[in-house]
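Structure record follows, encoded as structure tokens.
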Amino acid sequence: YLIEHKVAVITKIKLPLPELPYLKRAEVTVHKKGVLRESSSMPSFLRPAWFAYIMQSFQLLFIVFGSKQSYDILIAQDSLVTFFGVIFRAFGKCKKVIFFSHGIDKQRFSNPFINSLYRLFESFAAKQSDFNWFLSKKMIPIRKKQGIRDEILFWIPSTVPIKLVARKKVGKKNSVVFLGTVDEKNGAQLLPGIIVRVKKTIPSVILDVMGNGPLFEKLQKDTRKEVHQLLDN
């Protein structure tokens, strides 16, 4: 949206998410008035997750403080990045910080200490940012409980421009699509049993998985096993 509307300068910094490392390198792009002017990348860190977050923090500091550019608005989609956004604001690298949160995962990390640290960063980021955006309205009472004023809370629903999605004239028949992170939180472990149950009634049914995650390989293995057993029977 900002690129299409030819905002003066837009710098996008993409860091790999250690839990879902689709991105293998840290990437930086700079658009000026809708035109890509700069593009660069550098090796990043993926494992273990706690180490990756620490090292990526140093990379973010290097990228921002290593540039002469300062910004009017910083939009951060992670509590840790928002934390550094507050630091950047204190040093004059940006004027306003927006924390755009997807939600709060009470058990994001298995290690109790790291998980408590994550919750601490999340609360600090929400309280210290100039504006709070969130994908779900369920975040409103949570933010209010944190003592954040109504006037800086904004529900921003997730949207994808239709023109970016290639439309098919004819869709697949009898297909079930799972879209999301392939993990236990999203119930991905239930898919093999579900598809086998459906296949008993609709033999031609197809399961499409759009996403990745820690259960992806196990999901493939279990689905094949369940389907083969069904065919053998």
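Tallying residues that are of a type outside the set (Val, Ile, Thr) and free of Cβ contacts under 8 Å to residues at least 24 places away in the same chain within the range 117-160 yields 20. Of the residues that make up the range 37-51, is at least one at pLDDT 90 or above, touching a strand residue (DSSP E or B) at 6+ places or on another chain (Cβ under 8 Å) and not hydroxyl-bearing (Ser, Thr, Tyr)? Scanning the range 37-51 turns up at least one residue that is at pLDDT 90 or above, touching a strand residue (DSSP E or B) at 6+ places or on another chain (Cβ under 8 Å) and not hydroxyl-bearing (Ser, Thr, Tyr).
For the range 99-115, name all the residues that are touching a strand residue (DSSP E or B) at 6+ places or on another chain (Cβ under 6 Å) and either open to solvent by 70 Å² or more (accessible area, probe 1.4 Å) or without any contact (Cβ under 8 Å) to a residue 40 or more places away in the chain (or both).
Phe99, Ser101
Taking the range 116-131 as the range and being open to solvent by 80 Å² or more (accessible area, probe 1.4 Å) and in contact with a Lys or Arg (Cβ under 6 Å, 6 or more places away or on another chain) as the test, no residue passes.
Going through Arg149, Arg143 one at a time, which residue ends up being over 20 Å from Leu15 (Cα atoms), surrounded by 16 or more Cβ atoms within 10 Å (Cβ to Cβ) and over 19 Å from the mean Cα position of the chain (by Cα)? Of Arg149, Arg143, the one residue that is over 20 Å from Leu15 (Cα atoms), surrounded by 16 or more Cβ atoms within 10 Å (Cβ to Cβ) and over 19 Å from the mean Cα position of the chain (by Cα) is Arg143. Annotation: of all residues in the range 196-223 being assigned to a helix (DSSP H, G or I) and farther than 30 Å from Lys106 by Cβ, the one that is most open to solvent (accessible area, probe 1.4 Å) is Arg197. Just one of the numbered conditions (1) without any contact (Cβ under 8 Å) to a residue 12 or more places away in the chain; (2) over 25 Å from Ser158 (Cα atoms); (3) not aromatic (Phe, Trp, Tyr) is not true of Gly92; which one? Gly92 satisfies every listed condition except (1). Among residues of the range 15-39 being open to solvent by less than 70 Å² (accessible area, probe 1.4 Å), over 25 Å from Ser110 (Cβ atoms) and not aliphatic (A, V, I, L, M), the one that is farthest from the chain's Cα centre (by Cα) is Gly34. Residues that are over 9 Å from Cys94 (Cβ atoms) and of a type in the set (S, T, N, Q) within the range 61-77 comprise Ser67, Gln69, Gln77, listed in sequence order.
Looking at (1) assigned to a helix (DSSP H, G or I); (2) at pLDDT 85 or above; (3) of a type outside the set (A, V, I, L, M); (4) closer than 23 Å to Arg108 by Cα, can you tell me which one Asn132 breaks? The one condition Asn132 does not meet is (1).
For the range 65-87, the condition of being within 20 Å of the chain's Cα centre (by Cα), among the hydroxyl-bearing types (Ser, Thr, Tyr) and either more than 21 Å from Leu17 (Cα to Cα) or surrounded by fewer than 19 Cβ atoms within 10 Å (Cβ to Cβ) (or both) holds for none of the residues.
The values are calculated or read from the model by the stated rules, or taken from the named source; none is laboratory data. Keep in mind that this is a model prediction, so the values were computed, not measured. Reconstructed Cβ throughout: ideal geometry from the backbone, glycine too, with neighbour counts over all protein chains shown. Please note that ligands, DNA and RNA were not included when accessible areas were found on the heavy atoms of the full protein model with its side chains. Shrake-Rupley method; radii C 1.70, N 1.55, O 1.52, S 1.80 Å.
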